[in-house]
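Chemist: Structure provided below as structure tokens; questions to follow.
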Amino acid sequence: MKQIGFIGCGKMASAIISAIKNDYKVIGSEISEEFATSASDKLGIEIYCDNKKLAKESDVIFIATKPNQAMDVLNDIRDFINSEKLVVSICAGVTTSKIENILPNARIIRIMPNTPALVKLGMFGICAGTNATAQDVEFIENLLSSIGKCIDVTEEQMDIVTAISGSGPAFFYQVIEDMARAGEKLGLEYDKSLTLATQTAFGSAQMIFNRGQIPVQTLIDNVATKGGCTFVGIQEMKKYDSAKVFYDVIKKTTQKANELGK
């Protein structure tokens, strides 16, 4: 059985650990005894305060620190990493090439998770480094399948993934909040408006996943019958060019993600 180590046991790492700890031997490493004890009690796994020990003992090593700590961590463990080790980074803006500059012989995979993984509805973009194999990618996809969906992308596309799914939950929260507040202003209690907007978003997303080969535009047209109330609402969205609004949002976020990676 592979031993999987997590350097950093924050919320995202904890979501993954909770999903896999019954099927794999999982250990962790934290920055202090206090954090290690707290995380160990919460997750029910052994957690060190020694990154080198974790790297030496693990077959798969997740780098789950804050992005600005990643380079220090990689330099700390570099002497314990070889071609037999699979290193998986969930650090935003830290490219596989940056990791390979420090760990040239390692098999590297980079993933971009998002916070809905905490409720097992996550979305993961995955890209492989120079030495990673198709089997490595398949292993990580299977590992993450219990807490979300995965897509394979290139390193160049990862900033777009960051914008759409990494940052995307906040954008959808904003849309849902705006719809709920609109309902409130029109006379419906906020909690009821929020429930309506939230469940409608959830159900609509599921219908897109279930649509088969039907274009999303067809789903829109099926609700927005010409001359009806939904049609009027869609026309109002077009009046304010909602497509451009969201294009600009994703573009600006992608650019920021790209800047973080430099």
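This table checks each residue for (1) within 30 Å of N105 (Cα to Cα); (2) buried (at least 21 other Cβ atoms within 10 Å of the Cβ); (3) not charged (D, E, K, R).
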{"position": "T130", "(1), (2), (3)": "yes, no, yes"}
{"position": "A134", "(1), (2), (3)": "yes, no, yes"}
{"position": "N142", "(1), (2), (3)": "yes, no, yes"}
{"position": "S145", "(1), (2), (3)": "yes, no, yes"}
{"position": "D152", "(1), (2), (3)": "yes, no, no"}
{"position": "V161", "(1), (2), (3)": "yes, yes, yes"}
{"position": "G168", "(1), (2), (3)": "no, no, yes"}
{"position": "Y173", "(1), (2), (3)": "no, no, yes"}
{"position": "D178", "(1), (2), (3)": "no, no, no"}
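Chemist: Testing G212 on (1) outside any helix (DSSP H, G or I); (2) among the small types (G, A, S); (3) surrounded by 13 or more Cβ atoms within 10 Å (Cβ to Cβ), one condition comes back false. Which one is that?
Modeler: With respect to (1) outside any helix (DSSP H, G or I); (2) among the small types (G, A, S); (3) surrounded by 13 or more Cβ atoms within 10 Å (Cβ to Cβ), G212 is out only on (3).
Chemist: Still on this structure, I have one more. For the stretch 42-55, indicate whether the set of residues that are within 17 Å of R110 (Cβ to Cβ), assigned by TED's automatic domain parsing to the domain that holds A134 and crowded, with 21+ Cβ neighbours inside 10 Å is non-empty.
Modeler: Pass one, the stretch 42-55, residues within 17 Å of R110 (Cβ to Cβ): none.
Checking the stretch 42-55: not a single residue is within 17 Å of R110 (Cβ to Cβ), assigned by TED's automatic domain parsing to the domain that holds A134 and crowded, with 21+ Cβ neighbours inside 10 Å.
Chemist: Where residues in the stretch 3-37 are part of a loop (DSSP other than H, G, I, E, B) and in contact with a strand residue (DSSP E or B) (Cβ under 6 Å, 6 or more places away or on another chain), which of them is farthest from A117 (Cα to Cα)?
Modeler: Taking the stretch 3-37 as the starting set, the residues that turn out to be part of a loop (DSSP other than H, G, I, E, B) are 8-10, 21-24, 30-32.
Cutting the leftovers down to in contact with a strand residue (DSSP E or B) (Cβ under 6 Å, 6 or more places away or on another chain) gives us 9, 24, 30.
Numbers: C9: 14, Y24: 19, E30: 21 Å.
Checking each candidate, the answer is E30.
Chemist: Here's another thing I want to ask about it. Determine which member of the set N105, N101 is in a helix (DSSP H, G or I) and surrounded by fewer than 15 Cβ atoms within 10 Å (Cβ to Cβ).
Modeler: Details: N105 fails: in a helix (DSSP H, G or I).
Exactly one of N105, N101 is in a helix (DSSP H, G or I) and surrounded by fewer than 15 Cβ atoms within 10 Å (Cβ to Cβ), namely N101.
Chemist: Pull up the stretch 58-74, narrow it to residues that are of a type in the set (V, I, T) and in contact with a Lys or Arg (Cβ under 9 Å, 6 or more places away or on another chain), then point me to the one that is surrounded by the fewest Cβ atoms within 10 Å (Cβ to Cβ).
Modeler: Keep residues of the stretch 58-74 that are of a type in the set (V, I, T), which gives 60-61, 63, 65, 73.
Remaining after also requiring in contact with a Lys or Arg (Cβ under 9 Å, 6 or more places away or on another chain): 60-61.
Numbers: V60: 21, I61: 29.
Filtering the stretch 58-74 for residues that are of a type in the set (V, I, T) and in contact with a Lys or Arg (Cβ under 9 Å, 6 or more places away or on another chain), the one surrounded by the fewest Cβ atoms within 10 Å (Cβ to Cβ) comes out as V60.
Chemist: Additional query: Which condition number in (1) assigned to a helix (DSSP H, G or I); (2) out of contact with any Gly (no Cβ under 8 Å at 6 or more places or on another chain) is the one that T225 fails?
Modeler: If we test T225 against (1) assigned to a helix (DSSP H, G or I); (2) out of contact with any Gly (no Cβ under 8 Å at 6 or more places or on another chain), just (1) comes out false.
Matching residues to (1) in a helix (DSSP H, G or I); (2) in contact with a Lys or Arg (Cβ under 9 Å, 6 or more places away or on another chain):
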position	(1), (2)
G125	no, yes
E138	yes, no
N142	yes, no
C150	no, no
T162	yes, yes
S165	yes, no
Q174	yes, no
R181	yes, no
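Chemist: Every residue in the stretch 112-124 that is within 17 Å of A163 (Cβ to Cβ) and either surrounded by fewer than 23 Cβ atoms within 10 Å (Cβ to Cβ) or not assigned by TED's automatic domain parsing to the domain that holds T65 (or both), please. Quick ask: steps written out before the conclusion?
Modeler: So the first thing to find is which residues in the stretch 112-124 are within 17 Å of A163 (Cβ to Cβ), and the list is 112-116, 122-124.
Selection gives N114, T115, P116, M123.
Chemist: Out of the stretch 146-183, which residues are touching a residue at least 60 places away in the same chain (Cβ under 8 Å), under 16 Å from I90 (Cβ atoms) and of a type in the set (A, V, I, L, M, F, W, C)?
Modeler: The answer is I147, M158.
Chemist: So, of the residues in the stretch 140-167 that are among the polar types (S, T, N, Q) and more than 12 Å from the chain's Cα centre (by Cα), which turns out to be farthest from I4 (Cα to Cα)?
Modeler: Taking the stretch 140-167 and keeping what is among the polar types (S, T, N, Q), we get 142, 145-146, 154, 157, 162, 165, 167.
Those left that are additionally more than 12 Å from the chain's Cα centre (by Cα): 142, 145-146, 154, 157.
Values: N142: 14, S145: 16, S146: 16, T154: 25, Q157: 27 Å.
In this case the residue turns out to be Q157.
Yes/no matrix, rows are residues, columns are (1) loosely packed, with under 14 Cβ neighbours inside 10 Å; (2) out of contact with any strand residue (DSSP E or B) (no Cβ under 7 Å at 6 or more places or on another chain); (3) closer than 30 Å to A70 by Cβ; (4) not assigned by TED's automatic domain parsing to the domain that holds G93:
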residue: F202; (1), (2), (3), (4): yes, yes, no, yes
residue: V216; (1), (2), (3), (4): yes, yes, no, yes
residue: A224; (1), (2), (3), (4): no, yes, no, yes
residue: G228; (1), (2), (3), (4): yes, yes, no, yes
residue: M237; (1), (2), (3), (4): yes, yes, no, yes
residue: S242; (1), (2), (3), (4): yes, yes, no, yes
residue: V249; (1), (2), (3), (4): no, yes, yes, yes
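Chemist: A further question on this structure: Going by what's in this entry, would D76 be described as closer than 20 Å to P104 by Cβ, among the acidic types (D, E), part of a helix (DSSP H, G or I) and without any contact (Cβ under 8 Å) to a residue 60 or more places away in the chain? Break it down stepwise before answering.
Modeler: On the way: closer than 20 Å to P104 by Cβ: yes; among the acidic types (D, E): yes; part of a helix (DSSP H, G or I): yes; without any contact (Cβ under 8 Å) to a residue 60 or more places away in the chain: yes.
Taking the combined requirement at face value, the residue satisfies it.
The values are calculated or read from the model by the stated rules, or taken from the named source; none is laboratory data. Worth saying up front: this structure is predicted, and the values here are computed from it rather than measured. Please note: Cβ atoms are built from the backbone with ideal geometry, for glycine as well, and neighbour counts cover all protein chains shown.
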